[in-house]
Amino acid sequence: MIRRFIQRVLGTSGKPETGRPARGPLILARGKHGIRRDDIDACALRTCETLADAGFKAFVVGGAVRDLLLEQKPKDFDIATDATPEEVRRLFRRSRIIGRRFRIVHVMCGRDTVEVTTFRAAGSLGGDEEDERPTDESGRILEDNVFGSQAEDAARRDFTVNALYYDPLREEVHDYFNGVADCRRKTLRMIGDPATRYREDPVRMLRAARLAAKLDFRIDSATRKPVAELAGLLDNVPRARIFDEAVKLLMSGHALRGVHQLRAEGLHHGMLPLLDTILDDDQGRRFIEAGLKNTDERIHQDKPASPGFLFACLLWPQVRRRWDAIQAGGERPIPALFLAMDEVLEAQRELLAIPRRFDGMIKEIWALQPRFEQRAGSRPFRLLEHPRFRAGYDFLLIRAESGEVPQELGDWWTAFQDADDATRKSMLVADTEAKPKRKRRRKPKAAAAAAETPSP
Ligand code: ATP
Ligand code: MG
């Protein structure tokens, strides 16, 4: 059986197969793959049943099958079918067609939604991404080239472990490119010729790094090799798509490993260019690592985690550096912080393109930091009431953990929050930490915003 696997992937020439599989898929019957029907989300199961009853093929596909084989909990369940979007739409009262060019159908059950995609022909991009094939004048792709057979649908996917189809009615896994064996070998292997597939869609390089980190897989050497040379192609990818991929990596629960993987592959230039400067600096690296580790843990504990918080972490070492420099130029601490914040956010816009909707949260987290140093009078009580107190406090703990502020300050706030009123009052610290006021200077623009943040 192993020989059949190897032949299928390598072909007789010993080169990886580029097109569609010559033979049909390898079919693993119930009991041969370890996936149980109960593992499938109820909405996905019902959707497959309805499609099958109407005479269509219907499979759970992609990451969900891969994750179930690896005994991990899938993030979402996607379904692939030979029914067209209109046919799917007609079968489900609560469904809608989304996407302008390549249309997928969202089927809703209760509060759950599953995505149903019609088998696509080779050459199209994966996921919900728009593809780049010729379109008519209005930009719409000509429908008849879009749909394909199940085998073509498997071939257009990125990695062998992502081209697995689970039929929940027959309880079979259909494996076109030896994905089950690669799951067992913990290997991420590109379907077809890796360089060609990266040229078609450079984001696949980022997906390789992200999935290797998430699954703790090694990247097969032929899949890995072209990346060093092709990483620059990421410059041509729309920034919004890169940003989405960055968020997936950072929110995967394996951000720390993911970031190291990106750097090891030389891909961070295309995704998180700011990593270079940060990771070269010891304090910055300690801070980022503590921040990513903290978020990874939160995600594993099902605690809320937000991209805004993570971006606040990623950019903080630069803010600190600018904050110090601006103060060294004679500015007072709070206005200097606000100037540094604006500069850093503005500078990253060309690099990572963090959408402005995150600015509010990022700035609030940063702006709260000096207020944690004020432990006298009514200020600590007011800070507790701040709507962003929790995020600011979590951020403070990361600063403490990385050695940027004394651990004692973090501990003080941990105790202060939970204490009763009398204890809190007894905890107040005389205002000795306040820095001596500098000579008053003309108010810079940022001072208006800083007015909210009383200086010591
Ligand atoms: P995750 O666990 O992060 O959801 P995933 O593999 O399911 O990982 P999705 O972005 O949800 O990733 O994509 C679903 C499926 O679509 C993938 O498993 C893969 O088969 C296919 N796919 C996604 N993006 C691409 C791409 N850029 N090129 C080829 N196939 C892709
Ligand atoms: Mg997925």
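Given R₀ = 45 Å, FRET efficiency for Arg390-Thr277 by Cβ-Cβ distance, to 0.05? Intermediate results must be reported in sequence, preceding the final value.
Numbers: r = 29 Å, r/R0 = 0.65.
Taking R0 as 45 Å, the efficiency between Arg390 and Thr277 is 0.95.
List the residues whose amide H sits under 5 Å from the amide H of Leu188, counting only those 5 or more places along or on another chain, with H placed 1.01 Å from N in the peptide plane.
Under 5 Å from the amide H of Leu188 lie the amide H atoms of Arg218, Ile219, Asp220, each far enough along the sequence or on another chain.
Rounded to the nearest whole Å², what accessible area per residue is found for region 306-431 with the 1.4 Å probe?
42 Å²
Taking θ as phi - 60°, what are the ³J(HN,Hα) couplings along region 284-300 by the Karplus curve (6.51, -1.76, 1.60), each to the nearest whole Hz, with x for Gly and Pro?
So the Karplus estimates, Gly and Pro as x, are x, 5, 4, 5, 4, 5, 5, x, 5, 4, 4, 5, 4, 5, 4, 5, 5 Hz.
I'd like the Karplus ³J(HN,Hα) series for region 209-224: coefficients 6.51, -1.76, 1.60, θ = phi - 60°, whole numbers in Hz, and an x wherever there's a Gly or Pro.
5, 5, 5, 4, 5, 5, 8, 6, 9, 9, 8, 3, 5, 5, 6, 7
Share of region 306-431's accessible area from carbon and sulfur, percent, 1.4 Å? Can you show the working numbers first?
On the way: 2800 of 5260 Å².
Roughly 53 percent, rounded to a whole number.
What FRET efficiency would be calculated for the residue pair Arg90, Lys225, taking the C-beta separation as r and a Förster radius of 60 Å, to the nearest 0.05?
On the way: r = 47 Å, r/R0 = 0.78.
Taking R0 as 60 Å, the efficiency between Arg90 and Lys225 is 0.80.
For Val247 and Gln301 in one chain, what is 0.36 nm times their gap in residues minus the Cα-Cα distance, to one decimal in nm?
17.6 nm
For the pair Val429/Ala42, report the inter-label distance in nm, with labels modelled 7 Å from Cα in the Cβ direction.
Between Val429 and Ala42, the label points sit 5.2 nm apart.
Taking H as built 1.01 Å from N, whose amide H comes closer than 5 Å to the amide H of Phe102, not counting residues under 5 places away?
Amide H neighbours of Phe102: Asp131.
What ³J(HN,Hα) values, in whole Hz, does the Karplus curve 6.51 cos²θ - 1.76 cosθ + 1.60 give for region 316-323 when θ = phi - 60°, with x put for Gly and Pro?
For region 316-323, the Karplus-derived couplings read 4, x, 6, 4, 4, 4, 5, 4 Hz, x marking Gly and Pro.
Pull up all non-local amide H partners of Glu172: gap of 5 or more, or a different chain, and H-to-H distance under 5 Å with H placed in the peptide plane.
Answer set, sorted by chain and number: Asp167.
Under the 0.36 nm per residue contour assumption, what length would be gained going from the current alpha-carbon distance of Ala376 and Asp420 to full extension?
Working: separation 44, 0.36 × 44 = 15.84 nm, distance 1.66 nm.
Extra length available between Ala376 and Asp420 comes to 14.2 nm.
The values are calculated or read from the model by the stated rules, or taken from the named source; none is laboratory data. Predicted, not measured: the structure shown is a model, and the values here were computed from it. In this analysis, Cβ positions are derived from the backbone assuming ideal geometry, glycine residues included, and neighbour counts consider all displayed protein chains. With ligands, DNA and RNA removed, areas are computed over all heavy atoms of the protein, side chains included. Shrake-Rupley method; radii C 1.70, N 1.55, O 1.52, S 1.80 Å.
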